[in-house]
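For reference, the structure is listed below as structure tokens.
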Amino acid sequence: MICYDITEPKRWRVVYKKLHGYGRRLQYSIFRCRLTVRQMERLHWELEAMLTSEDRLFIIRLCDGCERHVATHNRPEAWQVETRSFEIV
């Protein structure tokens, strides 16, 4: 998961376009990316070259087990309830 806070709109668009090629946007400044270690290192290097000291970048690595426990709220797909059928004997 990659999150960023960029103060200048032009830089924000450049970073957004870069990340759009690497993963799926969850919110305006939050992307979910599935990357190899090498891809992650390259992306991190490229993003650091684009950002200034006033910008913030968060890269959160989640294992598959941890990723399954990430919940989304206030989104239509978050309200879908899994229906289970029970049989009473």
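The values are calculated or read from the model by the stated rules, or taken from the named source; none is laboratory data. These numbers come from a predicted model, not from an experiment. Methodologically, a virtual Cβ is constructed for each residue, glycine included, from the backbone with ideal geometry; neighbour enumeration extends over all protein chains shown. Quick note on the areas: whole protein, heavy atoms, side chains included, nothing else; ligands and nucleic acids left out. Shrake-Rupley method; radii C 1.70, N 1.55, O 1.52, S 1.80 Å.
In segment 47-71, the qualifying residues are those that are touching a helix residue (DSSP H, G or I) at 6+ places or on another chain (Cβ under 9 Å) and either under 25 Å from Thr7 (Cβ atoms) or among the small types (Gly, Ala, Ser) (or both), and the one that is surrounded by the fewest Cβ atoms within 10 Å (Cβ to Cβ) is Ala71.
Kindly provide the set of residues from segment 23-46 that are open to solvent by 70 Å² or more (accessible area, probe 1.4 Å), under 13 Å from Tyr4 (Cβ atoms) and of a type in the set (S, T, N, Q), ordered by number.
Within segment 23-46, Gln27 is the sole residue that qualifies.
Tell me, yes or no, whether segment 10-22 has at least one residue that is surrounded by fewer than 11 Cβ atoms within 10 Å (Cβ to Cβ) and at pLDDT below 85. Yes: one or more hits.
Every listed requirement among (1) surrounded by 10 or more Cβ atoms within 10 Å (Cβ to Cβ); (2) at pLDDT below 85 is met by Glu77 save one, (1).
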